[in-house]
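The values are calculated or read from the model by the stated rules, or taken from the named source; none is laboratory data. Keep in mind that this is a model prediction, so the values were computed, not measured. Please note: Cβ atoms are built from the backbone with ideal geometry, for glycine as well, and neighbour counts cover all protein chains shown.
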Amino acid sequence: MSIRFGPAGLGPTKTAIETLEKYHELGFKACEIAFTYSNYIKPEATKKIKEKAEQLDIELSIHGSYFINLNAQEKEKLEASKKRIIDACKIGELLGVKCLVFHPGFFGKLVRKEAYGNIKKAILEIQQTLRKNRWKIQIAPETMGKINVFGSVEEISQLVKETGCSFCIDLAHILARDKKVDYKKVVRLFPQKDWHVHFSGIVYGEKGEKHHRKTEKEEWKNLLKNLPKDKNIRIINESPAMVEDSLDGLMLYKK
(Lines give C-alpha, C1' and ligand atoms only; values in the text may rest on other atoms or scores of the structure.)
Protein backbone atom coordinates (compact mmCIF):
# COMPACT_ATOMS: atom_id res chain seq x y z
CA MET A 1 0.00 0.00 0.00
CA SER A 2 1.17 3.50 -0.75
CA ILE A 3 -0.59 6.57 0.64
CA ARG A 4 -0.08 10.10 -0.60
CA PHE A 5 -1.23 12.90 1.71
CA GLY A 6 -2.08 16.45 0.77
CA PRO A 7 -4.39 19.41 1.35
CA ALA A 8 -7.42 20.59 -0.64
CA GLY A 9 -5.92 23.83 -1.87
CA LEU A 10 -3.07 25.26 -3.90
CA GLY A 11 -3.92 28.92 -3.38
CA PRO A 12 -3.26 31.75 -5.87
CA THR A 13 -1.48 31.13 -9.18
CA LYS A 14 1.27 33.63 -8.40
CA THR A 15 2.40 31.68 -5.32
CA ALA A 16 1.64 28.17 -6.69
CA ILE A 17 5.30 27.20 -7.20
CA GLU A 18 6.26 28.32 -3.67
CA THR A 19 3.25 26.48 -2.25
CA LEU A 20 4.20 23.25 -4.01
CA GLU A 21 7.76 23.58 -2.68
CA LYS A 22 6.42 24.13 0.83
CA TYR A 23 4.14 21.08 0.50
CA HIS A 24 7.12 19.03 -0.72
CA GLU A 25 9.18 20.10 2.30
CA LEU A 26 6.35 18.93 4.57
CA GLY A 27 6.35 15.54 2.81
CA PHE A 28 3.09 15.89 0.89
CA LYS A 29 2.72 13.98 -2.36
CA ALA A 30 -0.78 15.15 -3.31
CA CYS A 31 -2.64 18.42 -3.69
CA GLU A 32 -6.18 19.22 -4.80
CA ILE A 33 -6.75 22.50 -6.63
CA ALA A 34 -10.05 24.22 -5.79
CA PHE A 35 -11.90 25.21 -8.97
CA THR A 36 -15.03 25.35 -6.82
CA TYR A 37 -15.93 28.95 -7.71
CA SER A 38 -13.90 29.42 -10.91
CA ASN A 39 -11.21 27.77 -13.04
CA TYR A 40 -8.78 30.37 -11.76
CA ILE A 41 -5.57 28.95 -13.25
CA LYS A 42 -5.16 30.24 -16.80
CA PRO A 43 -3.71 28.05 -19.59
CA GLU A 44 -0.49 30.09 -19.80
CA ALA A 45 0.29 29.39 -16.12
CA THR A 46 -0.21 25.62 -16.33
CA LYS A 47 3.15 24.54 -17.76
CA LYS A 48 5.27 25.77 -14.84
CA ILE A 49 2.88 24.34 -12.24
CA LYS A 50 2.73 20.97 -14.00
CA GLU A 51 6.53 20.78 -14.30
CA LYS A 52 7.06 21.71 -10.65
CA ALA A 53 4.47 19.18 -9.40
CA GLU A 54 6.06 16.43 -11.51
CA GLN A 55 9.56 17.37 -10.35
CA LEU A 56 8.44 17.17 -6.70
CA ASP A 57 6.34 14.01 -7.24
CA ILE A 58 3.14 15.72 -6.11
CA GLU A 59 0.01 14.29 -7.76
CA LEU A 60 -2.51 17.00 -8.58
CA SER A 61 -6.27 16.70 -8.64
CA ILE A 62 -9.00 19.33 -9.06
CA HIS A 63 -12.25 19.90 -7.20
CA GLY A 64 -14.73 21.10 -9.80
CA SER A 65 -17.38 23.79 -9.57
CA TYR A 66 -20.00 23.81 -6.81
CA PHE A 67 -22.50 24.82 -9.51
CA ILE A 68 -22.96 21.42 -11.10
CA ASN A 69 -26.16 19.41 -11.31
CA LEU A 70 -26.13 16.58 -13.85
CA ASN A 71 -29.75 15.86 -12.95
CA ALA A 72 -30.92 19.40 -13.82
CA GLN A 73 -34.31 19.31 -15.55
CA GLU A 74 -33.75 22.53 -17.52
CA LYS A 75 -31.62 21.81 -20.60
CA GLU A 76 -29.66 25.06 -20.18
CA LYS A 77 -28.65 24.20 -16.62
CA LEU A 78 -27.67 20.67 -17.58
CA GLU A 79 -25.55 21.87 -20.52
CA ALA A 80 -23.94 24.54 -18.32
CA SER A 81 -23.06 21.87 -15.73
CA LYS A 82 -21.46 19.63 -18.35
CA LYS A 83 -19.56 22.62 -19.77
CA ARG A 84 -18.20 23.51 -16.30
CA ILE A 85 -16.79 19.99 -15.95
CA ILE A 86 -15.30 19.96 -19.47
CA ASP A 87 -13.78 23.46 -19.11
CA ALA A 88 -12.14 22.44 -15.81
CA CYS A 89 -10.87 19.22 -17.44
CA LYS A 90 -9.30 21.28 -20.23
CA ILE A 91 -7.16 23.18 -17.69
CA GLY A 92 -6.64 19.99 -15.67
CA GLU A 93 -5.22 18.21 -18.70
CA LEU A 94 -2.67 21.02 -19.17
CA LEU A 95 -1.76 20.69 -15.48
CA GLY A 96 -1.27 16.92 -15.72
CA VAL A 97 -4.08 16.40 -13.21
CA LYS A 98 -5.13 12.82 -12.36
CA CYS A 99 -8.83 13.44 -11.77
CA LEU A 100 -11.51 16.09 -11.52
CA VAL A 101 -13.73 15.58 -8.46
CA PHE A 102 -17.30 16.91 -8.62
CA HIS A 103 -20.65 16.75 -6.83
CA PRO A 104 -22.92 14.85 -9.26
CA GLY A 105 -26.33 16.43 -8.59
CA PHE A 106 -29.59 16.69 -6.69
CA PHE A 107 -32.64 14.45 -6.83
CA GLY A 108 -35.05 17.38 -7.21
CA LYS A 109 -38.54 15.97 -7.83
CA LEU A 110 -37.25 12.82 -9.48
CA VAL A 111 -36.98 9.41 -7.88
CA ARG A 112 -33.52 7.92 -7.39
CA LYS A 113 -33.71 5.64 -10.43
CA GLU A 114 -34.54 8.51 -12.82
CA ALA A 115 -31.86 10.75 -11.29
CA TYR A 116 -29.32 7.96 -11.64
CA GLY A 117 -30.20 7.50 -15.34
CA ASN A 118 -29.82 11.24 -16.06
CA ILE A 119 -26.48 11.53 -14.24
CA LYS A 120 -25.13 8.39 -15.90
CA LYS A 121 -26.12 9.71 -19.36
CA ALA A 122 -24.41 13.07 -18.69
CA ILE A 123 -21.21 11.35 -17.48
CA LEU A 124 -21.07 9.20 -20.62
CA GLU A 125 -21.48 12.32 -22.78
CA ILE A 126 -18.69 14.15 -20.91
CA GLN A 127 -16.42 11.13 -21.27
CA GLN A 128 -17.10 11.11 -25.00
CA THR A 129 -15.75 14.68 -25.17
CA LEU A 130 -12.67 13.71 -23.12
CA ARG A 131 -11.97 10.81 -25.47
CA LYS A 132 -12.51 12.97 -28.56
CA ASN A 133 -9.90 15.42 -27.22
CA ARG A 134 -7.60 12.53 -26.19
CA TRP A 135 -7.39 13.85 -22.65
CA LYS A 136 -6.08 11.50 -19.95
CA ILE A 137 -7.79 13.30 -17.04
CA GLN A 138 -10.62 11.30 -15.45
CA ILE A 139 -13.85 12.60 -13.96
CA ALA A 140 -14.58 11.49 -10.41
CA PRO A 141 -18.08 11.86 -8.92
CA GLU A 142 -17.88 12.14 -5.14
CA THR A 143 -19.76 10.33 -2.39
CA MET A 144 -21.97 13.00 -0.81
CA GLY A 145 -22.74 13.85 2.80
CA LYS A 146 -26.39 14.95 2.74
CA ILE A 147 -29.10 12.31 2.54
CA ASN A 148 -31.25 14.26 0.06
CA VAL A 149 -28.57 14.56 -2.66
CA PHE A 150 -27.34 11.98 -5.15
CA GLY A 151 -24.11 10.29 -4.10
CA SER A 152 -24.45 7.34 -1.75
CA VAL A 153 -21.56 4.84 -1.83
CA GLU A 154 -23.81 2.44 -3.75
CA GLU A 155 -24.77 5.07 -6.35
CA ILE A 156 -21.18 6.17 -7.00
CA SER A 157 -19.95 2.57 -7.15
CA GLN A 158 -22.68 1.72 -9.69
CA LEU A 159 -21.76 4.75 -11.83
CA VAL A 160 -18.12 3.64 -11.87
CA LYS A 161 -19.16 0.12 -12.87
CA GLU A 162 -21.46 1.28 -15.67
CA THR A 163 -19.52 4.22 -17.12
CA GLY A 164 -15.87 3.45 -16.30
CA CYS A 165 -15.48 6.88 -14.69
CA SER A 166 -13.20 7.44 -11.71
CA PHE A 167 -14.49 8.25 -8.19
CA CYS A 168 -13.84 10.13 -4.99
CA ILE A 169 -14.55 8.33 -1.72
CA ASP A 170 -15.27 11.08 0.80
CA LEU A 171 -15.15 9.21 4.09
CA ALA A 172 -16.33 12.22 6.11
CA HIS A 173 -19.38 12.44 3.84
CA ILE A 174 -20.07 8.72 4.20
CA LEU A 175 -19.95 9.10 7.99
CA ALA A 176 -22.34 12.08 7.88
CA ARG A 177 -24.77 10.34 5.54
CA ASP A 178 -24.74 6.79 6.98
CA LYS A 179 -23.77 7.71 10.60
CA LYS A 180 -20.90 5.20 10.33
CA VAL A 181 -18.25 4.09 7.85
CA ASP A 182 -18.52 0.44 6.91
CA TYR A 183 -14.99 -0.03 5.56
CA LYS A 184 -15.64 -3.61 4.43
CA LYS A 185 -18.55 -2.42 2.33
CA VAL A 186 -16.51 0.45 0.84
CA VAL A 187 -13.72 -1.98 -0.10
CA ARG A 188 -16.27 -4.33 -1.67
CA LEU A 189 -17.91 -1.54 -3.68
CA PHE A 190 -14.60 -0.06 -4.87
CA PRO A 191 -12.30 -2.97 -5.83
CA GLN A 192 -10.14 -0.67 -7.99
CA LYS A 193 -6.41 -0.50 -7.28
CA ASP A 194 -6.27 3.32 -7.12
CA TRP A 195 -8.41 5.29 -4.69
CA HIS A 196 -8.91 9.05 -4.51
CA VAL A 197 -10.08 9.81 -0.97
CA HIS A 198 -11.29 12.90 0.88
CA PHE A 199 -11.02 12.83 4.66
CA SER A 200 -11.53 15.31 7.49
CA GLY A 201 -13.46 15.86 10.68
CA ILE A 202 -17.14 16.60 10.07
CA VAL A 203 -20.15 17.94 11.95
CA TYR A 204 -23.41 16.26 10.97
CA GLY A 205 -27.01 15.79 12.02
CA GLU A 206 -30.03 13.69 11.09
CA LYS A 207 -30.03 14.98 7.48
CA GLY A 208 -26.30 14.49 7.08
CA GLU A 209 -23.37 16.86 6.66
CA LYS A 210 -23.36 20.32 8.26
CA HIS A 211 -19.74 21.39 7.84
CA HIS A 212 -16.15 20.14 7.94
CA ARG A 213 -14.09 20.61 11.10
CA LYS A 214 -10.54 19.97 12.25
CA THR A 215 -9.47 16.32 11.97
CA GLU A 216 -8.69 14.72 15.34
CA LYS A 217 -5.65 12.45 15.62
CA GLU A 218 -7.88 9.61 16.80
CA GLU A 219 -9.88 9.94 13.58
CA TRP A 220 -6.66 9.66 11.57
CA LYS A 221 -5.61 6.58 13.57
CA ASN A 222 -8.98 4.93 12.95
CA LEU A 223 -8.77 5.68 9.22
CA LEU A 224 -5.22 4.35 8.82
CA LYS A 225 -6.13 1.19 10.72
CA ASN A 226 -9.09 0.50 8.42
CA LEU A 227 -7.71 1.39 4.98
CA PRO A 228 -7.07 -1.59 2.69
CA LYS A 229 -3.40 -2.55 2.45
CA ASP A 230 -3.31 -3.44 -1.26
CA LYS A 231 -4.14 -0.09 -2.88
CA ASN A 232 -2.56 3.17 -3.99
CA ILE A 233 -4.42 5.89 -2.12
CA ARG A 234 -4.42 9.69 -2.34
CA ILE A 235 -5.87 11.28 0.80
CA ILE A 236 -6.94 14.90 0.43
CA ASN A 237 -7.79 16.71 3.65
CA GLU A 238 -10.60 19.29 3.45
CA SER A 239 -10.68 20.56 7.03
CA PRO A 240 -10.38 24.28 7.87
CA ALA A 241 -6.79 23.43 8.96
CA MET A 242 -6.02 21.25 5.96
CA VAL A 243 -2.21 21.65 5.90
CA GLU A 244 -1.81 20.99 9.64
CA ASP A 245 -4.27 18.07 9.49
CA SER A 246 -2.59 16.50 6.43
CA LEU A 247 0.70 16.68 8.32
CA ASP A 248 -0.86 14.93 11.34
CA GLY A 249 -2.07 12.13 9.05
CA LEU A 250 1.32 11.80 7.36
CA MET A 251 3.19 11.70 10.68
CA LEU A 252 0.89 9.00 12.07
CA TYR A 253 1.24 6.99 8.85
CA LYS A 254 5.05 7.18 9.06
CA LYS A 255 4.97 5.83 12.61
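Here are some notes:
- Residue within segment 103-119 that is surrounded by fewer than 23 Cβ atoms within 10 Å (Cβ to Cβ), of a type in the set (V, I, T) and without any contact (Cβ under 8 Å) to a residue 40 or more places away in the chain present: yes
- Residue match in segment 166-173 (condition: farther than 18 Å from I62 by Cα and surrounded by fewer than 24 Cβ atoms within 10 Å (Cβ to Cβ)): no
- Residues within segment 2-20 that are surrounded by fewer than 21 Cβ atoms within 10 Å (Cβ to Cβ), within 22 Å of S65 (Cβ to Cβ) and touching a residue at least 60 places away in the same chain (Cβ under 8 Å), tallied: 1
- Taken over segment 21-36, residues that are more than 17 Å from L100 (Cα to Cα) and either buried (at least 23 other Cβ atoms within 10 Å of the Cβ) or of a type in the set (F, W, Y) (or both) amount to 2.
Results for (1) modelled with pLDDT of 95 or more; (2) of a type in the set (K, R); (3) part of a strand (DSSP E or B), shown as yes or no for each residue.
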{"site": "K184", "(1), (2), (3)": "yes, yes, no"}
{"site": "V187", "(1), (2), (3)": "yes, no, no"}
{"site": "Q192", "(1), (2), (3)": "yes, no, no"}
{"site": "W195", "(1), (2), (3)": "yes, no, yes"}
{"site": "H198", "(1), (2), (3)": "yes, no, yes"}
{"site": "Y204", "(1), (2), (3)": "yes, no, yes"}
{"site": "K210", "(1), (2), (3)": "yes, yes, yes"}
{"site": "T215", "(1), (2), (3)": "yes, no, no"}
{"site": "W220", "(1), (2), (3)": "yes, no, no"}
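- Counting the residues of segment 42-72 that are under 16 Å from K98 (Cα atoms), touching a residue at least 24 places away in the same chain (Cβ under 8 Å) and either surrounded by fewer than 15 Cβ atoms within 10 Å (Cβ to Cβ) or out of contact with any Cys (no Cβ under 9 Å at 6 or more places or on another chain) (or both) gives 8.
- Within segment 173-200, the set of residues being touching a residue at least 40 places away in the same chain (Cβ under 8 Å) and farther than 22 Å from V97 by Cβ comprises V181, Y183, V187.
- Test: E238 is closer than 28 Å to Q158 by Cα, touching a Ser or Thr at 6+ places or on another chain (Cβ under 7 Å), touching a residue at least 60 places away in the same chain (Cβ under 8 Å) and buried (at least 20 other Cβ atoms within 10 Å of the Cβ): yes
- Residue within segment 167-175 that is farther than 30 Å from T13 by Cα and in a helix (DSSP H, G or I) present: yes
- Taken over segment 121-144, the residue count meeting the criterion of being over 25 Å from P43 (Cβ atoms) and surrounded by fewer than 19 Cβ atoms within 10 Å (Cβ to Cβ) is 2.
- Considering residues of segment 120-159 that are in a loop (DSSP other than H, G, I, E, B) and among the polar types (S, T, N, Q) only, the residue farthest from G92 (Cα to Cα): N148
- When residues of segment 177-209 are limited to those that are over 17 Å from F150 (Cα atoms) and of a type in the set (G, A, S), the one surrounded by the fewest Cβ atoms within 10 Å (Cβ to Cβ): G205
- Strands (runs of 3 or more DSSP E) fully within segment 1-119 counting 2 or more residues that are closer than 30 Å to P228 by Cα and among the charged types (D, E, K, R): none
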